[in-house]
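Scroll down for the structure; my scribbles are underneath it.
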Amino acid sequence: MDKKRQRTFYISGKTHGRFKKIVGEQNRDMSIIVEEIIARWSDEHSADSRGERVQMDQAVSLLAKAVCEQLSQKREWAEEALIGAGMGLPGATVFDRRIGHFSAEKQELGSRLAHWVLRRAIDFINHGRKVFLVCDSGTTVFWFLKAFGEAISEYFKNNSGAIIHLRALTIVTNNIPGAESFVTYASHHEIPVESKMTLISQLLKCRLLAGTLLPEYVAVTGNDTNLDLANVCAQARNLQSERKRSSDRAVRDLELGERPVFIGLTTGNWIALEPFEGTPLPHLLARGEGHGEFKKELLKVCDEIFVLAPLGKILMKPVKTLNEMLGFSDPGTDANPLKKSYVQVQIPAGKSKVIKLVSTVRLKQSVLLVHSARVCEEIGDYDRLDAPGQGPIPKNLPIEEVRHLFFPFDQFSDAMTETQLEIELPHPLTREDSFKREFYSIRSQQLIETSRMPR
C-alpha cells in the first residue's frame, strides 16, 4: 500500500474557493479528489500512454479514411438516409429514387437546353408572339425546369439593358416537382424590369394542369389533364384570332402580335429511333396510367417538340424486343404494374419536321462509344448544343430548319469500366450481357479491351 505524503500546492484563492464549494456540496474528500486528478493526468501524459495514444490515433485515422472512401464510392446510404428523413427532392419516394439515374447527364441536358430554349422564346416574344412551354413529367424534364429559372437570371445578368416582356411567357406542366422547383427559385430571385428589381415569379406564370396524381412520376395525368392542356392551347389561339377579328381598335392593339407558339419539352421511359414520314425520329415509350396519353396530347397540340434523353435511354430496336428482353407482359394481362409493358406513343401525322431529339454523344473512351456512333449515324446530321450562352445554333431558325441537338458528354471517360457501366446503365437488368449486346452493342471482349486501355 502506497504511503501517504503531505505536499503543498499553490493555487489561486478563487479556484480554491470554487473547488472547496463544489466538493462540499457533493460531500467528498478534497484530498481524494486531488489525488484522482493527479493520477489521471499522470497516466495521460506518461511515455507509455503517449505511445499507445499515437497508435490509437493512427488506427482511428486509417479507419476513418477507409470508411470515408467506401461511403464516397457507394453513395446509396446517403440516398436512403435522405429519402428516409424526408429530405429528398419534392415528390414521392419513387421519384426520389429515380432522380439518381443518369443524374449528371440529365442535369447537363436540362441546363444547356434551358438556356437555348429561353433565347428562342425571347426571340418569339420580341416578334410579338406569346410563348407557352409545355413541360412533361419525369426527372429529365424536372432538371430542365430547375435550370430554366437560373437561365433567366443569367440572361438578364449578361444582358442588363434588355427589355423583355416575360409576361408573354407561360410554363404549362403536369410535372409537380418541376413546377415546385421552378416556382421556388422564381419566388426568391429578381431581375431588372424598367429600372427596378422584380421577382421572376411576378412576371412569368407557371400553370399546373388539372388531373389525377400519378405517384410513380409525381405528376397529374388522365382525361382531365389532357382536356385541360387542349383547352389552354385552344383558348390562347382563339383569343388571338378574336383580337385580330375585333372591330374595336383598342382590343385589336392589345398584344395583337402573331399566333402564340407552343414549345413542348418531353421525354419517355425509353426512346426508340424509328422512321416516321420518311425520316428517323425519336419515338416515346411509356407505361403507367395516363402517362402515354398525355404525351400524345402534347405531341398533338405543340408547334415544336424537343425530346430530351440521355444516350443510354435511346434504343434502335422496336418496343416489342424491349418488352421481351425485360419479361414485361401486355398492359391488360398482368395485375403487377411493374411488369406492364412499354407502349410506343403514336406521333400525329405531319409532325416529322417539328420533333427534335436532344441528347449527348461520346467522343472519348466509353462503354457507349459504339452505341453513340450508331445513334449519330441513324439520326443523321445534328447541331451541336454547346455550353450555356455559347451555342452556335441561331435562335430564330424556323423549327423545320433546326436539326437534332447533341453535345459531347465525356465526364466519366476516365472512370473504370465497371463504374462507367453503373453510371451509363443504372438499371441492373440493362447491365446483363444479353441486354448490353442487343441494345448497346457492348460485348464482353470490348469491355476487357476498354479496361486495359490507359486512362
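The values are calculated or read from the model by the stated rules, or taken from the named source; none is laboratory data. What you are looking at is a predicted structure, and each value in this text was computed from that prediction instead of being measured. Cβ placement follows ideal geometry from the backbone for every residue including glycine, while neighbour counts extend to all protein chains displayed.
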Report summary line: Filter the stretch 308-359 for residues that are part of a strand (DSSP E or B) and modelled with pLDDT under 95; the one that is farthest from K296 (Cα to Cα) is S329
Query raised in the report: Which residues, taken from the stretch 403-420, are of a type in the set (A, V, I, L, M, F, W, C) and buried (at least 19 other Cβ atoms within 10 Å of the Cβ)?
Result: L405, F406, F407, F409, F412
Query - Matching residues in the stretch 182-230 - criterion: being assigned to a strand (DSSP E or B), touching a residue at least 40 places away in the same chain (Cβ under 8 Å) and buried (at least 17 other Cβ atoms within 10 Å of the Cβ) - result: L214, A219, V220, T221
Query raised in the report: Going through the stretch 152-178 one residue at a time, which ones are within 21 Å of S137 (Cβ to Cβ) and in contact with a helix residue (DSSP H, G or I) (Cβ under 7 Å, 6 or more places away or on another chain)?
Result: L169, I171, V172, T173, N174, N175, P177, G178
Requested in this report: Determine the pairs where a residue that is within 12 Å of G149 (Cα to Cα), located within the stretch 165-180, has a partner that is in a strand (DSSP E or B) and small (G, A, S) with Cβ atoms under 9 Å apart, the partner being 6 or more residues away or on another chain.
Outcome: G178/A219
Query raised in the report: Can we say I164 is at pLDDT below 90, among the β-branched types (V, I, T) and closer than 18 Å to R120 by Cβ?
Result: yes
Query raised in the report: Does the stretch 380-398 contain any residue that is in a helix (DSSP H, G or I), more than 30 Å from N158 (Cα to Cα) and touching a residue at least 24 places away in the same chain (Cβ under 8 Å)?
Result: no
Query raised in the report: So, in the stretch 137-156, of the ones that are within 13 Å of the chain's Cα centre (by Cα) and touching a residue at least 40 places away in the same chain (Cβ under 8 Å), which residue ends up surrounded by the most Cβ atoms within 10 Å (Cβ to Cβ)?
Result: F142
Report task. Could you tell me whether any residue of the stretch 377-392 is at pLDDT 90 or above and surrounded by fewer than 18 Cβ atoms within 10 Å (Cβ to Cβ)? Result -> yes
Query raised in the report: Could we say that V370 is at pLDDT 90 or above, surrounded by fewer than 16 Cβ atoms within 10 Å (Cβ to Cβ) and either out of contact with any Pro (no Cβ under 7 Å at 6 or more places or on another chain) or not assigned by TED's automatic domain parsing to the domain that holds N269 (or both) here?
Result: yes
Requested in this report: Grab the helices (runs of 4 or more DSSP H) fully contained in the stretch 414-455, keeping just those with 3 or more residues being under 17 Å from R362 (Cα atoms) and modelled with pLDDT of 90 or more.
Outcome: 417-424, 433-440
Report task. Name the one entry in R75, R5, R18, R53 that is surrounded by fewer than 10 Cβ atoms within 10 Å (Cβ to Cβ) and either farther than 29 Å from E422 by Cβ or modelled with pLDDT under 80 (or both). Result -> R5
Requested in this report: Would you check if I263 is in a strand (DSSP E or B) and in contact with a Ser or Thr (Cβ under 9 Å, 6 or more places away or on another chain)?
Outcome: no
